[in-house]
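Enquirer: Attaching a single structure in structure tokens format; questions to follow.
The values are calculated or read from the model by the stated rules, or taken from the named source; none is laboratory data. Because the structure is a prediction, the values reported are computed rather than measured. Every residue, glycine as well, gets a Cβ built from its backbone with ideal geometry; the counts of neighbours run over all protein chains shown. The area values use the complete protein model at the heavy-atom level, side chains included, leaving out ligands, DNA and RNA. Shrake-Rupley method; radii C 1.70, N 1.55, O 1.52, S 1.80 Å.
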Amino acid sequence: MFESLQLLWIAPPGRGLTLLSGLVSTMQIAFGAYALGLCIGLLGALGKINGPAPLRWLLTAYTTLIRAVPELVLILLLYYAGTSALNNLLESLGYEPIDISGLVAGIVVLGFVQGAYSTEVIRAAMLAVPRGQTEAALAFGMSRTQSVYRVLIPAMIPFALPGLANLWLIVTKDTALLAVVGFFELASATKTAAGSTRNYLLFYSAAAVIYLCVTLLSNVVFGRIERRYRRGQAAA
Amino acid sequence: MDWSWLPEYSDKLISGFWLTIQLLVICSTLGFLLSVPVGLVQVTGPKPLAMLARSFCTVVRGTPLLIQLWLIYYGVGELFPKIDGIRDSFMWPLLRAAFPYAILAFTLSVAGYVGEVMRGAFAGVPKGELEAARAMGMSSIKVLWRIWLPRAVQNVFPTLAGEVVLTLKATPLAATITIYELFGRSTEVRQDTFLVYEPLLLVAGIYILLTGLIVTLFGWLENRIPKPSMA
């Protein structure tokens, strides 16, 4: 048991470096997808609250359908549909079809899924901001855009933070699903290392510990952020 | 769109569908049963058990289900063949099959997530109700069975519906350990027919329908149980 522990070390024959670079990819995909998801969520929430009826229906369909289909199925669908749609578009414009890197594809696919969840979280947070606050902003002569940037978004952040923290934890864990499609990240790196050394228990436990550390660390960070944004609010 | 493959593969898809339902029902039920003690000891103690339950929830919720599944199937499954004579024992067919490992992994996952929900639910039942029950002469077990558990479940019923949907959406992971449930069957169809979208769209549609069904079913049940009073 203890001899096999050195397989986790950085230097060969240890596979630590493989796991570490997998972790780096995982974090890159997670950060990218989370950021993309937040952008979609912010626009989606604004559209769902203020948009014209057709846009609202479209967004409702988006959030409902995405949240009802297993992530694994969505990842496959979006990956194939996305790459072939892009290449069709490029071909019709007279460009050569391109090979999309796993990193970008992973970010876009997971970001699109995250967007549906973020939309709901941010929408609920925006609705929790008392109407009077945005009305006051408008009464001060701010434009609608200004009232969103200066009042609505800062005021909704404390309401959205618990949900958004949860979404961050979900996206770091969802990156593991990309291993099934063959992208390189922590789970697939672990699979390769475990398969080639035939030490499944050791490597999957190591991966679990790494993911757990990411989660615990994120909890600390989000706890700090939440405390900062809740200052000045009455303790709930 | 080409759907000509559908009649040929319908039997396989239907068997995959039932396997998905089996996974869902078995794991949701067992997971819920396990989540009750996991949630309860965190509220009542004793301390060591409460800490154990807490760390169980943290680990389950802090690691990807895919890794848990692979850890249990490949990792724990790796240990059994090393035991002498196990290949001749009556347990061997069970230990070699993938299904029990999937059941174990999903059940533990449900127990971890729902355990956290149940912790809050147990803690949320007003103390006075439990004291009243005890004053009526009920034993601890009776208080739990007649008052505490029903009141806790009543308070978090909508959340439980969400957890069942999450469990449904987790079942396709079983395909990665050679279990041919609905998603696994669609992968099989895709490999046989070289069709990219149609099988995926079909199973996506079925999952949407199942989600709708679960939400409707739980909504109906929710209307049949008395509404929780605001404490």
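Enquirer: For the stretch B:1-157, give the percent of accessible area contributed by carbon and sulfur heavy atoms, probe 1.4 Å, rounded to a whole number.
Expert: Values: 5730 of 8400 Å².
With neighbouring chains kept in place, the figure for the stretch B:1-157 is 68 percent.
Enquirer: While we're here: In debye, nearest 20: dipole of chain A around its Cα centre with unit charges on the Cβ of K, R (+) and D, E (-)? Before the final figure, lay out each step's value.
Expert: Values: 16 positive and 10 negative charges, 194 e Å.
Dipole about the Cα centre, nearest 20: 940 debye.
Enquirer: Using θ = phi - 60° and the Karplus curve 6.51 cos²θ - 1.76 cosθ + 1.60, what whole-Hz ³J(HN,Hα) does each residue of the stretch B:161-175 get, with Gly and Pro shown as x?
Expert: 4, x, 5, 5, 4, 4, 5, 4, 6, 8, 4, x, 4, 4, 4
Enquirer: List the residues of the stretch A:76-109 that lose 10 Å² or more of accessible area once all protein chains are present, compared with their chain alone (1.4 Å probe, heavy atoms only, no ligands or nucleic acids).
Expert: For the stretch A:76-109, once contacts with the other chains are taken into account, A:Leu76, A:Leu77, A:Tyr80, A:Ala81, A:Ser84 lose 10 Å² or more.
Enquirer: Give me P(r) over the stretch B:20-100, computed from all C-alpha to C-alpha distances, binned every 10 Å, as integer percentages.
Expert: 15, 32, 34, 18, 1
Enquirer: Does chain A classify as rounded, prolate or oblate by the C-alpha gyration tensor (a ≥ b ≥ c root eigenvalues; a/c under 1.5 gives rounded; else a/b over b/c gives prolate, otherwise oblate)?
Expert: Note, shape of chain A comes out oblate.
Enquirer: Can you tell which of B:Gly75, B:Leu149, B:Ile21 lies farthest toward the positive end of the dipole of the stretch B:18-175, using +1 and -1 charges on the Cβ of basic and acidic side chains (Lys, Arg; Asp, Glu)?
Expert: Going by the Cα projections, it comes out as B:Leu149.
Enquirer: Okay, moving on. Using θ = phi - 60° and the Karplus relation 6.51 cos²θ - 1.76 cosθ + 1.60, list the HN-Hα couplings for the stretch A:184-201 in order, rounded to whole Hz, with x at every Gly or Pro.
Expert: 8, 7, 4, 5, 6, 4, 4, 4, 4, 4, 5, x, 6, 9, 6, 10, 5, 4
Enquirer: Compute the Cα gyration tensor for the protein assembly as shown, then decide on rounded, prolate or oblate, letting a ≥ b ≥ c be the square roots of its eigenvalues: rounded whenever a/c is under 1.5, prolate when a/b is larger than b/c in the other cases, and oblate in all that remain.
Expert: Numbers: a/c = 1.42, a/b = 1.05, b/c = 1.35.
Rounded is the answer for the protein assembly as shown, as its axis ratio a/c remains below 1.5.
Enquirer: Let me ask another. For the stretch A:11-150, what is the relative contact order in percent, using Cα pairs closer than 8 Å and at least 6 residues apart in sequence?
Expert: Reported as a whole number, the value is 41 percent.
Enquirer: What figure in square angstrom, to the nearest 10, would you give for the accessible area of A:Thr134 with a 1.4 Å probe?
Expert: About 30 Å², rounded to the nearest 10.
Enquirer: With charges only on Cβ, +1 for K and R and -1 for D and E, what is the dipole size of the protein assembly as shown about its Cα centre, in debye, rounded to 20? Kindly include the intermediate steps, with their values, before the conclusion.
Expert: On the way: 34 positive and 25 negative charges, 416 e Å.
Dipole magnitude for the protein assembly as shown comes out near 2000 debye.
Enquirer: Right, next: Give me a single rounded figure for B:193-205: the average over its residues of other chain Cβ atoms within 10 Å of their Cβ.
Expert: Average per residue, whole number: 3.
Enquirer: Can you tell me, using C-alpha contacts under 8 Å and at least 6 residues apart, the relative contact order of the stretch B:1-109 as a whole percent? Could the numbers behind the result be given before it?
Expert: On the way: 49 pairs, mean separation 35.5, N = 109.
Averaging sequence separation for qualifying contacts and normalising by length gives 33 percent for the stretch B:1-109.
Enquirer: Can you give the angle from 0 to 90° between the axis of helix B:198-224 and the longest principal axis of chain B, with both taken from C-alpha atoms, to the nearest 10?
Expert: The helix B:198-224 is inclined about 20 degrees to chain B.
Enquirer: Same structure, new question: At a 1.4 Å probe radius, carbon and sulfur cover how many percent of the accessible area of chain A?
Expert: Working: 8180 of 12340 Å².
Carbon plus sulfur share of accessible area: 66 percent.
Enquirer: At most 11 other Cβ atoms within 10 Å and a DSSP loop assignment: could you name the chymotrypsin sites (Phe, Trp or Tyr not before Pro) in the stretch A:24-108 that fit?
Expert: Working: sites: A:Phe31, A:Tyr34, A:Trp57, A:Tyr62, A:Tyr79, A:Tyr80, A:Tyr95; in loops: A:Tyr95.
Qualifying residues, ordered by number: A:Tyr95.
Enquirer: Another one. Quick check on chain B: helices-only [θ] at 222 nm, where DSSP H runs of length 4 and up contribute -39,500 (n - 2.57) each and the sum goes over total residues. Nearest 500, please. Before the final figure, lay out the partial values.
Expert: Working: 9 runs with 162 residues, N = 231.
The per-residue figure over chain B is -23500 deg cm²/dmol.
Enquirer: In what order, largest first, do B:Met51, A:Met27, B:Met1 sit by accessible area if the probe radius is 1.4 Å?
Expert: Numbers: B:Met51 130, A:Met27 45, B:Met1 155 Å².
Sorted descending by solvent-accessible area, the residues read B:Met1, B:Met51, A:Met27.
Enquirer: Which lysines have a Cα less than 23 Å from the Cα of B:Lys82, not counting those fewer than 8 places away in the same chain?
Expert: Partners within reach: A:Lys191.
Enquirer: Per residue of chain A, what 222 nm ellipticity follows from adding -39500 (n - 2.57) for every DSSP H run with n ≥ 4, rounded to the nearest 500? Let's see the in-between values first.
Expert: On the way: 11 runs with 186 residues, N = 236.
When only DSSP H runs of four or more count, the value is -26500 deg cm²/dmol.
Enquirer: Further question on the same structure: Ignore the peptide's own chain and count Cβ atoms of other chains within 10 Å of each Cβ in B:70-77; give me the average, rounded. Write down the numbers at each step before the final one.
Expert: Details: counts 11, 10, 2, 2, 9, 9, 3, 2.
The mean count of partner-chain Cβ atoms within 10 Å per residue comes to 6.
Enquirer: Would you list which aspartates and glutamates come within 15 Å of B:Lys169, measuring only between C-alpha atoms, while excluding same-chain residues fewer than 8 positions from it?
Expert: Qualifying aspartates and glutamates at Cα under 15 Å: A:Glu71, A:Asp174, B:Glu181.
Enquirer: Follow-up. Excluding same-chain residues fewer than 8 positions from B:Lys127, which lysines have a Cα within less than 18 Å of its Cα?
Expert: B:Lys142
Enquirer: Taking each residue of A:210-216 in turn, how many C-beta atoms of other protein chains fall within 10 Å of its C-beta, and what is the average? Mind showing how you got there, number by number?
Expert: On the way: counts 2, 6, 7, 1, 2, 6, 2.
That average works out to 4.
Enquirer: How much accessible area per residue does chain A have, in Å², with a 1.4 Å probe?
Expert: Details: 12340 Å² over 236 residues.
Using a 1.4 Å probe on heavy atoms only, each residue of chain A averages 52 Å².
Enquirer: Separate question: Using a 10 angstrom cutoff on alpha carbons, build the Gaussian network for chain A and name the most mobile of A:Gly182, A:Gly16, A:Gly94.
Expert: Evaluated over chain A, the most mobile residue of the options is A:Gly94.
Enquirer: Determine ³J(HN,Hα), in whole Hz, for all residues of the stretch B:119-126 in sequence, where each value follows from phi through the Karplus function 6.51 cos²θ - 1.76 cosθ + 1.60 and θ = phi - 60°; x replaces Gly and Pro.
Expert: 4, x, 5, 5, 5, x, 6, x
Enquirer: Assuming a ≥ b ≥ c are the square roots of the Cα gyration tensor eigenvalues, decide whether the stretch B:18-175 counts as rounded (a/c under 1.5), prolate (otherwise, with a/b larger than b/c) or oblate.
Expert: Prolate, since a/c reaches 1.5 and a/b exceeds b/c.
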